[in-house]
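In what follows, a structure is listed as structure tokens, so that the remarks can point back to it.
No value in this document is a laboratory result; all are computed from the given coordinates. It should be emphasised that the depicted structure is a prediction, and the values quoted were computed from it without experimental measurement. Because the Cβ atoms are built from the backbone with ideal geometry, glycine has one as well, and the counts that use them run over all protein chains shown.
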Amino acid sequence: MSKMSFYMRPHNICICKGVSEEKIKDAVKRQGARNFTEIQRLTSCSTGCGTCEGRVKELLEKILNHEIK
Ligand code: FES
């Protein structure tokens, strides 16, 4: 992998399930997820080791509070 393609890869919030920030945003904005359990159901994120739970919840809160677009 080139250095450029490394930096252009989508940032994964959940490493185990390969779920990106964009996928979680889509689950909230387009699929209507409003809580952590719904995010898990729609994306499978945080269904592996679980260490991403805090990152997922923080991201969800920021999306719902319109702190990030
Ligand atoms: S990093 Fe998300 S379940 Fe392991």
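Determine, yes or no, whether residue 32 is exposed (fewer than 14 other Cβ atoms within 10 Å of the Cβ) and farther than 21 Å from residue 69 by Cβ. No, not satisfied. Checking each residue in the range 10-32 for being within 16 Å of the ligand (Cβ to nearest atom) and of a type in the set (A, V, I, L, M, F, W, C) picks out 13, 14, 15, 16, 19, 24, 27. When restricted to residues that are free of Cβ contacts under 8 Å to residues at least 40 places away in the same chain, within 14 Å of the ligand (Cβ to nearest atom) and either surrounded by fewer than 19 Cβ atoms within 10 Å (Cβ to Cβ) or assigned to a helix (DSSP H, G or I) (or both), the range 42-68 contains 12. Any chance you could count how many residues in the range 42-69 are touching a helix residue (DSSP H, G or I) at 6+ places or on another chain (Cβ under 9 Å) and over 13 Å from residue 14 (Cβ atoms)? The number of residues fulfilling the criteria is 5.
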